[in-house]
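Asker: The structure's right below; bear with me while I get my questions together.
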C-alpha cells in the first residue's frame, strides 16, 4: 500500500494534516567524512549478479501470473506464502517458514464479476467485486435506480419501498477530466531537493505521513461505519446489488474504501448485499440516462466465495545466519508486504517489494556472502487492512504498544488509535539492528527517508558520498523527513530504526495503485534490478558495520513521565489558574 491508507481515505484527503518532522532534513551526498567504509569488492560482485544474472522477472511472472491477486486470508495468499517459502528454500535461505501474526477474519475470493447493460441498449461494463462482497443469486437482470450518497439515517426514509429488486447506482456522478495529465511521472532533481529539505510548515503529506489526530480518524471511520448501515438498509429493502464508481480511462480502483464498511472482512461486519466498482464512464452514462427518465436495466453476476469465518494471518520469514561470534545474534531485516488487492495481480502493490526482497536474498545466497550479522527477510500479510503482519511480528518479537480502549475509538483500526502507554520491550529488541522496506511500486530507489534519525542519515550519506556504488545507480538523496503508511512504521513505533526508500513513482499513484492495471505489464525491469541491488547494498553494509545503526529516542516519552506542560508567562496580565 502506499497506503493502504493514503488511497483508502481519499474521500477525506482535504482533512489530512501532516505530522511534525522529527528533525531537520539533510541534503544528499555532501558529507566528506571517511568514518564509514564499504566492502567495495563484495559490492562489485553484488552489482554484477543483480544486473547481469537477475531472476527478478522470473519471480514476477511466477507470483503475479501464476498466482495472481493475494488478498489477505484468501486461498491465493496461502498459495503465495508457500510459493515464497519454496523460493527461499531453493536459494538456500535458512529456516524459511510461515509465522502467524494472529487471527484475521474471513477468507474470500472473487471468482468473477460481469455487468452488462441490456436496456436502453447493450454494453459491456468494466467491473470488479468490492473485497468481501457476497455473491449475487447467480445471474440477475434488474432495473437500475440512482441513489445519491446518504449522509444520515434520516435520509433512509426517502428511499423506503423504492429499492426492492433494483440494482442501486450509489453516489454522485463522477467528473472526468477530458484533458488528463500524463500517467507516467518521475521524480526530478527539484522533487528530490524538496525531499532533502526541511519542511518548515511541518507538511509531510507528500511522503504519505498520516496525521496523528485521533479525532480525525474517529470522524473518517464513523463515515465508514455509516456506509455499513447504508448497506444493511439497502439489503433490508431487498435491493439486488450496489454499484459505485471506480475510476476512468480503463483504470478502476478497488479496495475496502469502495466497500460498504471498512471491517467487512470480519464476520460481525459482513457486508449485507453484493457490490462492485464500475468504470466512471459507465456510471456517468447510466446516471445521465436515469436523470432524463430513461429506464436502464443490467444483467449482473457477482460470483464470490467465502472460506471460513476466521483465517489465520501469516508472514513469511527466513534467515541468512550471521557468522561473527560477537554479532551473529543481531538482526538486520528487509521486506515488503506480500498481500494485495484483487482487481489486478498485485504486481506493483506490493508484489514489487516482495520480489525485490526475494531477489536481494537470492543475490546474497548465490554469492555465498557470509554476513557478520543475521540477515532476515519478512514478507508481510495484512498490510492493506491495517499493517497487521509487520505489527504482529513486532508485537511477538520486539515490543508491544498500548492503545486506547475508549468506545468511540473502537471504530478506528488499532494502529491509528491513540497510544496510551509506554512501549513494553521484548528481549529481542536489544539485538535488532534495522529494517529496510520496499513498498512504493516498481520504480528505482532514488534515496531514503531516515525518519528524523540524523545519526543514521549521516552514515547513509557517507555510503553514497563517493561516485559509486550508489550514486551512479541514481541513488542520490538522504532525507530526514518521515514517510508513512507501510511496514517500516511498526518498527519505528517501538523505537527501532525502520526505513522506507524514496522511490521513483512512475505510474504507481496514477494508474496501478489498488487497480485493475496493477499487473506484470506495469513493471520496469531495469528499475527493479536497480532496487534489488540497492537493497542488498544497504542490508549487507548494515550487517557488516562494527556497531548497529543508531536509534532515535523512544517514541512518546510523555507516556513514561509527565512532559510538555503548558508555558506560563507568555501573555502579560494573564491570570494564573489556581492549583490544588
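Asker: So which of 231, 284, 249 is within 30 Å of residue 405 (Cα to Cα) and either outside the structural domain of residue 407 (by TED's automatic domain parsing) or without any contact (Cβ under 8 Å) to a residue 60 or more places away in the chain (or both)?
Answerer: Details: 284 fails: within 30 Å of residue 405 (Cα to Cα); 249 fails: within 30 Å of residue 405 (Cα to Cα).
Sole residue among the options that is within 30 Å of residue 405 (Cα to Cα) and either outside the structural domain of residue 407 (by TED's automatic domain parsing) or without any contact (Cβ under 8 Å) to a residue 60 or more places away in the chain (or both): 231.
Asker: Condition check: out of contact with any strand residue (DSSP E or B) (no Cβ under 7 Å at 6 or more places or on another chain) and surrounded by fewer than 21 Cβ atoms within 10 Å (Cβ to Cβ). Does residue 323 satisfy that? Can you show your working first?
Answerer: Working: out of contact with any strand residue (DSSP E or B) (no Cβ under 7 Å at 6 or more places or on another chain): yes; surrounded by fewer than 21 Cβ atoms within 10 Å (Cβ to Cβ): yes.
For residue 323, the condition - out of contact with any strand residue (DSSP E or B) (no Cβ under 7 Å at 6 or more places or on another chain) and surrounded by fewer than 21 Cβ atoms within 10 Å (Cβ to Cβ) - is met.
Asker: Filter segment 314-336 down to residues that are touching a residue at least 24 places away in the same chain (Cβ under 8 Å) and either outside any strand (DSSP E or B) or over 19 Å from residue 95 (Cα atoms) (or both), then give me how many there are. Write out each step before concluding.
Answerer: Quick first cut of segment 314-336, residues touching a residue at least 24 places away in the same chain (Cβ under 8 Å) only: 314-324, 327-336.
Then drop every residue that is not either outside any strand (DSSP E or B) or over 19 Å from residue 95 (Cα atoms) (or both), which leaves 321-324, 327-330.
Adding up the residues that qualify gives 8.
Asker: A further question follows. Among the residues that make up segment 387-407, is at least one of them over 20 Å from the mean Cα position of the chain (by Cα), at pLDDT below 95 and part of a helix (DSSP H, G or I)?
Answerer: So the first thing to find is which residues in segment 387-407 are over 20 Å from the mean Cα position of the chain (by Cα), and the list is 396-407.
Subset that is at pLDDT below 95: 401-407.
Checking the rest, the ones that are also part of a helix (DSSP H, G or I) come to 407.
The answer is yes; a qualifying residue exists.
Asker: Okay, next question. Could you list, in sequence order, all residues of segment 176-213 that are under 27 Å from the mean Cα position of the chain (by Cα) and over 30 Å from residue 483 (Cβ atoms)?
Answerer: Listed by number, the list holds a single entry, 176.
Asker: Continuing with the same structure: Inside segment 72-109, can you point out the residues that are farther than 17 Å from residue 335 by Cβ and in a helix (DSSP H, G or I)? Steps first, answer last, please.
Answerer: So the first thing to find is which residues in segment 72-109 are farther than 17 Å from residue 335 by Cβ, and the list is 73-76, 78-79, 82, 86, 89-90, 92, 102-109.
Once the filter is applied, which keeps residues that are farther than 17 Å from residue 335 by Cβ and in a helix (DSSP H, G or I), segment 72-109 yields 75, 76, 78, 79, 82, 86, 89, 90.
Asker: Let me ask something else. Quick one: is residue 379 in a strand (DSSP E or B), under 15 Å from the mean Cα position of the chain (by Cα) and either more than 14 Å from residue 540 (Cβ to Cβ) or outside the structural domain of residue 493 (by TED's automatic domain parsing) (or both)? Working first, answer last.
Answerer: Values: in a strand (DSSP E or B): yes; under 15 Å from the mean Cα position of the chain (by Cα): yes; either more than 14 Å from residue 540 (Cβ to Cβ) or outside the structural domain of residue 493 (by TED's automatic domain parsing) (or both): yes.
Yes: the conditions hold for residue 379.
Asker: Only one of these conditions is not met by residue 400: (1) crowded, with 22+ Cβ neighbours inside 10 Å; (2) under 22 Å from residue 497 (Cβ atoms). Which number is it?
Answerer: Residue 400 satisfies all of (1) crowded, with 22+ Cβ neighbours inside 10 Å; (2) under 22 Å from residue 497 (Cβ atoms) except (1).
Asker: Taking helices (runs of 4 or more DSSP H) that do not extend beyond segment 430-544, which have at least 2 residues that are under 30 Å from residue 420 (Cβ atoms)?
Answerer: Values: elements: 454-463, 489-493, 525-544.
Qualifying helices (runs of 4 or more DSSP H): 454-463, 489-493.
Asker: Is it fair to say residue 300 is within 26 Å of the chain's Cα centre (by Cα), touching a residue at least 24 places away in the same chain (Cβ under 8 Å) and closer than 22 Å to residue 112 by Cβ?
Answerer: Values: within 26 Å of the chain's Cα centre (by Cα): no; touching a residue at least 24 places away in the same chain (Cβ under 8 Å): yes; closer than 22 Å to residue 112 by Cβ: yes.
The answer is no for residue 300.
Asker: Kindly provide the set of residues from segment 132-155 that are out of contact with any strand residue (DSSP E or B) (no Cβ under 7 Å at 6 or more places or on another chain) and not in a loop (DSSP other than H, G, I, E, B), ordered by number.
Answerer: 153, 154, 155
Condition check ((1) modelled with pLDDT under 95; (2) more than 15 Å from the chain's Cα centre (by Cα); (3) over 30 Å from residue 129 (Cα atoms); (4) surrounded by fewer than 24 Cβ atoms within 10 Å (Cβ to Cβ)) across all residues:
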{"position": "450", "(1), (2), (3), (4)": "no, yes, yes, no"}
{"position": "454", "(1), (2), (3), (4)": "no, yes, yes, yes"}
{"position": "477", "(1), (2), (3), (4)": "no, yes, yes, no"}
{"position": "483", "(1), (2), (3), (4)": "no, no, yes, no"}
{"position": "487", "(1), (2), (3), (4)": "no, no, no, no"}
{"position": "501", "(1), (2), (3), (4)": "no, no, yes, no"}
{"position": "512", "(1), (2), (3), (4)": "no, no, no, no"}
{"position": "516", "(1), (2), (3), (4)": "no, yes, no, no"}
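Asker: Out of the residues in segment 408-428 that are within 24 Å of the chain's Cα centre (by Cα) and within 16 Å of residue 554 (Cβ to Cβ), state the one that is surrounded by the fewest Cβ atoms within 10 Å (Cβ to Cβ). Give the derivation first.
Answerer: Of all residues in segment 408-428, those within 24 Å of the chain's Cα centre (by Cα) come to 409-419, 423.
Add one more test, that the residue is within 16 Å of residue 554 (Cβ to Cβ), and what stays is 419, 423.
Details: 419: 17, 423: 22.
Step by step, filter segment 408-428, then rank; the result is 419.
The values are calculated or read from the model by the stated rules, or taken from the named source; none is laboratory data. Nothing here was measured: the structure is a model prediction, and the numbers come from that model. Glycine also receives a Cβ, built like all others from the backbone with ideal geometry; neighbour counts cover every protein chain displayed.
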